[in-house]
């Protein structure tokens, strides 16, 4: 099928499905404003899914569509810009741009892998360990892209072309990076999710509290790495320690700029871990840290580090947050809660968490993680409030579930990972299918009991 025909089909779906929603009759329960909300939101989500226009354009259509058709006042739709999340994301994007201009990440990667032995398993565990530290120091999607680029370079050096070894290394690296978001606070991850969910009720989330509440998920990164090693056994033995040691030796001595960046990253980490002591919002840390690097004495930051920020990402995040605000404005949450409440009101913690995980995982076939955050988090919070259940573990479950998918198209980072061209689709689906089972069993066997033990459930 030609690209033009494919694009036409996508546009027809994008237009016809929302158009069909016009014929849903309104009532006292399902009001006209609710129907307008559903139509506009569906149209925008379909544009996100099919990537028919730039993500910023689709996001702007969504926000101003709400205001134009009376779903919510413009001030409500744009209120997310006055919150902390967009500015934390902006600061982290600038910081990532600065770090990427140095060899710091590559130096850390080679060091980690050299220390873990340089074998096939050592490479995977080393890259997973690096992905955790990278999330601690420089969280963000662009960091994930840089990390997978390093993993690809390693694959090309040791095992070029498509192979089980390449698939194992690439997939395990991205799994480690994404799963680290289950216990390390990131502005465009858990911060983004809680920003949307907070449109229903205030949900403060501290850096340390979040880490403590989800520390049980640290081993999951390595469990998934072990799974990838077993499923994607290389056709030949890989011994790469010598290569990584030589690469480290060939690199120039760590520069002054790298040292300065590293100092700022460590100070940012200390700031985040001590927010409960000093009481300053995390946003200021993410904003101040990168811009210190522009000041005299540092002179590392460049104009391009700001101009190269993907502002489309910022607009998308605020647009997704506006979905929650608009839904709250028209009363979608209580209506959804009334429909779903009978199914969950007698459910124990394991059933509640399990059903949430299954629903969100199924939604991955149709929606991006950001769209699922926007669509599901407000009503789930409302249901938790109605049942007297702590919404935090349910939102943690939602986030974990969005990391479980079967096809690369369901997530931008997975599209990029698969797009390097050294992973067979069958291998990808094999690993990710097993990951779904492992993650569900893990959250039920260890996550739920831990949350119950600390009094969160």
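Details
- Applying a threshold of 9 Å to beta carbon distances and a minimum spacing of six or more residues, or different chains, the list of pairs starting in region 15-26 at a residue that is within 16 Å of residue 37 (Cβ to Cβ) and ending at one that is in a loop (DSSP other than H, G, I, E, B) and at pLDDT below 90 reads 24/30.
- For residue 370: the one exception among (1) under 18 Å from the mean Cα position of the chain (by Cα); (2) buried (at least 20 other Cβ atoms within 10 Å of the Cβ); (3) more than 21 Å from residue 53 (Cβ to Cβ): (3)
- Scanning region 352-362 for residues being buried (at least 20 other Cβ atoms within 10 Å of the Cβ) and either within 25 Å of residue 415 (Cα to Cα) or under 19 Å from the mean Cα position of the chain (by Cα) (or both) gives a total of 4.
Per-residue answers, yes or no, for (1) under 25 Å from the mean Cα position of the chain (by Cα); (2) outside any helix (DSSP H, G or I):
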position	(1), (2)
117	no, yes
121	no, no
125	yes, no
139	yes, yes
144	yes, no
153	yes, no
156	no, no
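- Residue in region 173-180 that is buried (at least 21 other Cβ atoms within 10 Å of the Cβ) and at pLDDT below 85 present: no
- Test: residue 439 is within 23 Å of the chain's Cα centre (by Cα), assigned to a helix (DSSP H, G or I) and over 17 Å from residue 183 (Cα atoms): no
- Being out of contact with any helix residue (DSSP H, G or I) (no Cβ under 7 Å at 6 or more places or on another chain), outside any helix (DSSP H, G or I) and over 21 Å from residue 105 (Cβ atoms) holds for only one residue in 234, 219, 202, 252, and it is 202.
- Only one of 85, 171, 128 that is in contact (Cβ under 8 Å) with a residue 60 or more places away in the chain and closer than 23 Å to residue 285 by Cβ: 85
- The lone exception for residue 446 - which of (1) without any contact (Cβ under 8 Å) to a residue 40 or more places away in the chain; (2) surrounded by fewer than 16 Cβ atoms within 10 Å (Cβ to Cβ); (3) assigned to a helix (DSSP H, G or I) it fails: (1)
- Residue, surrounded by the fewest Cβ atoms within 10 Å (Cβ to Cβ), within region 45-55, restricted to residues that are assigned to a loop (DSSP other than H, G, I, E, B) and touching a residue at least 24 places away in the same chain (Cβ under 8 Å): 54
One line per residue, one yes/no per condition, for (1) surrounded by 20 or more Cβ atoms within 10 Å (Cβ to Cβ); (2) under 28 Å from residue 38 (Cβ atoms); (3) in contact with a helix residue (DSSP H, G or I) (Cβ under 6 Å, 6 or more places away or on another chain); (4) modelled with pLDDT of 95 or more:
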| residue | (1), (2), (3), (4) |
| --- | --- |
| 381 | yes, yes, yes, no |
| 386 | no, yes, yes, no |
| 402 | yes, yes, yes, no |
| 408 | no, no, yes, no |
| 413 | no, no, yes, no |
| 419 | no, no, no, no |
| 426 | no, no, no, no |
| 441 | no, no, no, yes |
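- Taking every residue in region 326-347 that is under 30 Å from residue 65 (Cβ atoms) and pairing it with any residue that is modelled with pLDDT under 75, at least 6 positions away or on another chain, the pairs with Cβ-Cβ distances below 8 Å are 327/333.
- Residue 457 out of contact with any strand residue (DSSP E or B) (no Cβ under 7 Å at 6 or more places or on another chain) and farther than 25 Å from residue 213 by Cα: no
- The number of residues in region 287-297 being surrounded by 11 or more Cβ atoms within 10 Å (Cβ to Cβ) and not in a helix (DSSP H, G or I) comes to 2.
- Pairs are defined by a Cβ separation below 6 Å, a sequence spacing of at least 6 or placement on different chains, a first member in region 90-119 that is on the phi > 0 side of the Ramachandran plot and touching a residue at least 60 places away in the same chain (Cβ under 8 Å), and a second member that is crowded, with 21+ Cβ neighbours inside 10 Å and assigned to a helix (DSSP H, G or I); the pairs so defined are 118/244.
- When residues of region 5-44 are limited to those that are outside any helix (DSSP H, G or I) and surrounded by 12 or more Cβ atoms within 10 Å (Cβ to Cβ), the one modelled with the lowest pLDDT: 30
- For region 256-263, the condition of being modelled with pLDDT of 85 or more, out of contact with any helix residue (DSSP H, G or I) (no Cβ under 7 Å at 6 or more places or on another chain) and under 30 Å from residue 119 (Cα atoms) holds for at least one residue.
- The set of residues in region 384-395 being assigned to a helix (DSSP H, G or I) and in contact (Cβ under 8 Å) with a residue 40 or more places away in the chain consists of 385, 386, 387, 391, 392, 393, 394, 395.
The values are calculated or read from the model by the stated rules, or taken from the named source; none is laboratory data. Just so we're clear, the structure is a prediction, and the values are computed from it rather than from any experiment. We place every Cβ from the backbone using ideal geometry, glycine too, and count neighbours over all the protein chains shown.
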